[in-house]
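Scroll down for the structure; my scribbles are underneath it.
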Amino acid sequence: MAKFSRRDFLKLTSMLSGTLALSNLAPKLSLSGSELPNVLIFVFDAMSARNLSLYGYPRKTTPNFERFAQRATVFNAHYSAGSFTTPGTASLLTGLYPWTHRALNESGLIARNIANQNLFHAVGKKYYRLAYSQNMWPNYFFGQFQEDIQKVLSPAAFSLVDQIVGDKFGGDLENSHRAFDDFLFQDGTPPASLVFGLAERILLRRAVARAPADNYPKGLPRTGNYPIFFQLKDVFDGLMTTVEKLSTPSLAYLHLWSPHAPYRPDKDFDSTFEDGWRPKQKPDHELGDHSPPSNVNDRRRNYDEYVANIDNEFGRLLDFLDAKGIFEQSYVVVTSDHGEFFERGVEGHITPLLYDAVIQVPLMISSPGQKSRQDVNIPTSSLDVLPTLAHLTGNEIPAWCEGQMLPTLGGTEDPQRSIYMMDAKSNPAFGPLSVASFAIRKGKYKLIYYKGNEHYQGKDVFELYDMEGDPEELDDLYAGNPSIAKPLQDELTGRIEMENAKYRKQVLGIRE
């Protein structure tokens, strides 16, 4: 009797669900001979600016990112509008704050009536537009943007082992990924389906056991609970192959899972930072997880090693882009969707806290032919990437965009501009914001606002920090500085009330 393989199983489940849709193939091309520049956006999931030597971190985690910085504009106080993948990526791709795009919850969606307000639409049809994300959640947005994207690569592209099924249904990526990959075959406990889920899990475990993993002491990197196992080298090789085949002009959004947990560096970087260094210990926060300091420091070290591993692969990517002449006619963007926490009793980013470790992210943009480094030190927002790229690709800045052009790339510096960040994963996506954390950064001050948190019995709680004098956010100035805190508090709460009023009007059936 013939053996029934894991691939046979996936084919069977796909056939049971409907006819497979074929995706359009990208035209093969060479990066030359166009007046319009290419745009390559590399997003490193959960990469905190606070853990990069590029931004002054004591451990030498990013020598190759620093090498890239020598031919780029470096934004030294850049913030994601959201503290985890869904709102952070949605704001990057729409130029809208989370309270506008409403992708607030884990694996949530952008409001359907504004799905055409996205980066791919903004650069227009003159561009070949490609999207790829190893993280499953941005793929839901790609499904919403299908009319504006020519090619969506599978989240399992460049993987060693996978059980992704939803990408076989190109006509409805959003629902097929949810039905199969976010429900039926997700590696949760227990499996969603005791028939298909359990059988697929057995087949997956066998495939992983046979996969070459000697180079990874902690096991192959994988995408959380989603069944995608990969080697960093393969992913970067895949990115280089993809970029080399792009036509000109192209916009490619390339979103890597790493350095998101689980942190699994290869053998050349595992244990690299067993150096005895310990960061300054910060007191546990009331809203933290109260993890012991030793655990937090061990996780930080493991994360730093994984970042260094990624930086090494990024160095190969830089050499490739240089050798192929791609830097000469491309804007190359390096950023992240959110940061990662290793302080105050918290490991990771699933937290209501909004300290800079989880919302300050890298942003570097290399312009075509750029040979020297420029630094921008005023606060900027992830919302600013879309209008900047729209401008640089010869398009008008969309009227709906809430960001503004970045300094040195079409915009001007505004030291007193207000920038907002938030976390509202527990709040209903399409209702007033009643349970959420917010922050406003204006000038050198940052105000954090915890609204409706049950730990505080629903009371409003604020913290205020001088980000120039106290970048580690250790000295809360709120109680003793009402002249500084009150204007920021009024501005932030007023903006929230303005956004909430829109939903109250909807409930009452009142039109704007």
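Quick note: the coordinates plus some simple rules give every number you see, no bench work behind them. Worth saying up front: this structure is predicted, and the values here are computed from it rather than measured. Note: ideal-geometry Cβ built from the backbone for every residue, glycine included; neighbour counts use all protein chains shown.
Listed values, structure above:
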| read-out | value |
| --- | --- |
| Listed peptides 337-345, 410-418, 458-466 by packing density, highest first (mean Cβ within 10 Å) | 337-345, 458-466, 410-418 |
| Charge dipole of the stretch 291-411 about the Cα centre (unit charges at C-beta), most positive-ward option of S381, Q370, V307 | Q370 |
| Label zone at K324, where the point sits 7 Å out along the Cα-to-Cβ direction: the stretch 140-164 residues whose backbone N lies under 16 Å | 153, 158 |
| Net charge, R441 excluded, C-beta distance under 14 Å - Lys, Arg +1, Asp, Glu -1 | -4 |
| Under 13 Å, Cβ to Cβ, from Q281 - net charge with Lys/Arg +1 and Asp/Glu -1 | +2 |
| Phi to ³J(HN,Hα) by Karplus 6.51 cos²θ - 1.76 cosθ + 1.60 over the stretch 330-339, Hz, x for Gly, Pro | 9, 8, 10, 10, 10, 7, 9, 8, 5, x |
| Total formal charge among the other residues, if their Cβ is under 9 angstrom from that of K233, Lys/Arg +1 and Asp/Glu -1 | -3 |
| Along principal axes, Cα extents of the stretch 52-138, largest first, whole Å | 45, 33, 24 |
| Ranked packing of 152-161, 314-323, most packed first, by mean Cβ within 10 Å | 152-161, 314-323 |
| Amide H contacts of S381 (H built 1.01 Å from N, under 5 Å, at least 5 apart or other chain) | Y79 |
| Cross-link reach list, aspartates and glutamates versus K282, counting only Cα pairs under 17 Å and skipping chain neighbours closer than eight places | D298, E340, E343, E347, D356, E463, D466, D470, E472, E473, D475, D476 |
| Sorted peptide list for 468-478, 386-396, criterion being average Cβ within 10 angstrom, highest first | 386-396, 468-478 |
| Cα-based Lys pair tally, the stretch 413-512, threshold under 18 Å, eight or more apart or on separate chains | 7 |
| 13 Å Cα-Cα reach of K60 towards aspartates and glutamates, excluding residues that sit fewer than 8 places from it in its own chain | E274, D275, D304, E305, D311 |
| Two-decimal ratio, the stretch 413-512, of alpha-carbon radius of gyration to 2.2 N^0.38 Å | 1.18 |
| ³J(HN,Hα) computed for each position of the stretch 375-388 - Karplus, 6.51 cos²θ - 1.76 cosθ + 1.60, integer Hz, glycine/proline x | 10, 10, 9, 6, x, 10, 10, 4, 5, 7, 5, 4, x, 5 |
| Ranked R278, R222, criterion: other C-beta atoms within 10 Å, fewest first | R278, R222 |
| ³J(HN,Hα), Karplus 6.51/-1.76/1.60, whole Hz, each residue of the stretch 216-228, x for Gly, Pro | 10, x, 9, x, 4, x, 8, 8, x, 8, 7, x, 10 |
